[in-house]
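One structure is given below, encoded as structure tokens.
The values are calculated or read from the model by the stated rules, or taken from the named source; none is laboratory data. None of the values given here were measured: they were computed from a predicted structure. Cβ coordinates were reconstructed from backbone atoms using ideal geometry, including for glycine residues, and neighbour counts include every protein chain displayed. Remember, those area values only see protein heavy atoms, side chains included, never the ligands or the DNA or RNA. Shrake-Rupley method; radii C 1.70, N 1.55, O 1.52, S 1.80 Å.
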Amino acid sequence: MEQKIEWKQPYLLNAWYVAALSTEVGPEALFHRRILDTSILIYRRQNGTPVALHDRCPHRFAPLHLGKRIGDEVACPYHALQFDCSGQCTKNPHGNGQIPKAAKVRSFPLQERYGFLWIWMGEAAPDLGRLPDFGELDAGPDTGVAYTYMHMKANYELIIDNVMDLSHVDHVHGEIITTRGQLSPQIPKLREGGESVAARWEWQQTPPLLILADFLPEPKMQARHFIEVSWSPPANIQLSVGATQNDGALDLVNCIGQYDLHTCTPESAGTTHYYFATRRNHLVDDAAYNEAKIKAMHVAFETEDGPIIQAIDEEMDTTDFFGLNPVLMTNDVAPVKVRRLLQRLIEQEARAS
């Protein structure tokens, strides 16, 4: 008897993923990026509105981003078939010019918010209610917010694991963000919603976190700290970190701190687009400080977290984390809950379709 092989949907499809930083797509550029194993062409209409199309001509499958702009339309580089913003072929320069009915390119909904271009990859109607509110990134001057992009040779869920479990900080990172051993012993406090998982740590240390110490009244004295990370599907983690030397609340109103967004978009099962944004509540008028913040982020991730995550991906040689029977400890509580919730959402979506 022939064995039936059950196909497993690898991604949550009816969701908003970041396709690009807003700044990556200029007014004339034909920008391309592979997302969820699909080639995507992104460009802007002449009025600035972004457009996303499948980056493949239906004729001989040439990548459309290698073609050229003609007003708000795109011409294929191979045989010059022309497509409008909806993906409909509008011009065939061959023969009698008749346009075949099948000469269409799939278009994808885009939303430009919080400094990113968000794409809806699923077949269902796009639901703006599923795009989380990261409006805090817009709440202040441009000089107080910074963005960056990194390409990772690892599965996106390993990156989520890394940010949802911060007990690794003192073992992986250098002096700039050490907690003096305060995080590892803690079991974070969890807050769970129907489609979200948040973890929170609170502690005291002397001196304070070095990324914040110089902005506190007494940079070398003890300070109270907090970090809260909140995951929302498919792969967004909002991280807030702050420190204070008064008796007020541990939040970004009372503390010196920053509001960060880590968001991942799978390119494939083994490669990921990793986007990062950070808004601080100090030195908000110092644009040059953005460069230093982003440089530090790249150093921390590309030389500390990144090599370990990529080595883990290579060693696992599978996306089936639980199938490897990992030893689970108290510091795994948040990332494990995220993995299980994400898998449940993917399975629910697959059944519904």
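Computed quantities for the displayed model
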| quantity | calculated |
| --- | --- |
| Any chance ASP286 is assigned to a helix (DSSP H, G or I), surrounded by fewer than 17 Cβ atoms within 10 Å (Cβ to Cβ) and over 17 Å from the mean Cα position of the chain (by Cα) | no |
| Residues being in contact (Cβ under 8 Å) with a residue 60 or more places away in the chain and touching a Phe, Trp or Tyr at 6+ places or on another chain (Cβ under 8 Å) - total across region 36-88 | 5 |
| Test: residue in region 22-39 that is in a strand (DSSP E or B), among the hydrophobic types (A, V, I, L, M, F, W, C) and open to solvent by less than 50 Å² (accessible area, probe 1.4 Å) | yes |
| Pair list, Cβ < 9 Å and 6+ apart or interchain, from region 118-145 residues that are farther than 25 Å from LEU345 by Cβ and open to solvent by less than 50 Å² (accessible area, probe 1.4 Å) to residues that are part of a helix (DSSP H, G or I) and modelled with pLDDT under 95 | THR143/ALA288; THR143/TYR289; THR143/ASN290; GLY144/TYR289; GLY144/ASN290; VAL145/ASN290 |
| All positions within region 293-342 that are open to solvent by less than 50 Å² (accessible area, probe 1.4 Å), over 30 Å from LEU212 (Cα atoms) and of a type outside the set (A, V, I, L, M, F, W, C) | ASP313, GLY323, PRO326, ARG339 |
| Residue in region 271-281 that is modelled with pLDDT of 95 or more, open to solvent by 50 Å² or more (accessible area, probe 1.4 Å), touching a helix residue (DSSP H, G or I) at 6+ places or on another chain (Cβ under 7 Å) and not small (Gly, Ala, Ser) present | no |
| Residue check for ARG56: out of contact with any helix residue (DSSP H, G or I) (no Cβ under 8 Å at 6 or more places or on another chain) and either open to solvent by 50 Å² or more (accessible area, probe 1.4 Å) or part of a strand (DSSP E or B) (or both) | no |
| Tally of residues being within 13 Å of the chain's Cα centre (by Cα) and within 18 Å of ILE177 (Cα to Cα) across region 239-267 | 4 |
| Answer residue from region 89-104, given it is among the hydrophobic types (A, V, I, L, M, F, W, C) and touching a residue at least 40 places away in the same chain (Cβ under 8 Å) and is least open to solvent (accessible area, probe 1.4 Å) among those | ALA103 |
| Entirely in region 151-260, the strands (runs of 3 or more DSSP E) that have 1 or more residues that are in contact with a strand residue (DSSP E or B) (Cβ under 6 Å, 6 or more places away or on another chain), over 22 Å from ILE308 (Cα atoms) and open to solvent by less than 10 Å² (accessible area, probe 1.4 Å) | 196-205, 223-232, 236-244 |
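Quick grid of which residues meet (1) assigned to a strand (DSSP E or B); (2) touching a strand residue (DSSP E or B) at 6+ places or on another chain (Cβ under 9 Å); (3) under 29 Å from ILE187 (Cβ atoms); (4) not aromatic (Phe, Trp, Tyr):
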| site | (1), (2), (3), (4) |
| --- | --- |
| HIS273 | yes, yes, no, yes |
| PHE301 | no, yes, yes, no |
| GLN310 | no, yes, yes, yes |
| ASP320 | no, no, yes, yes |
| ASN331 | no, no, yes, yes |
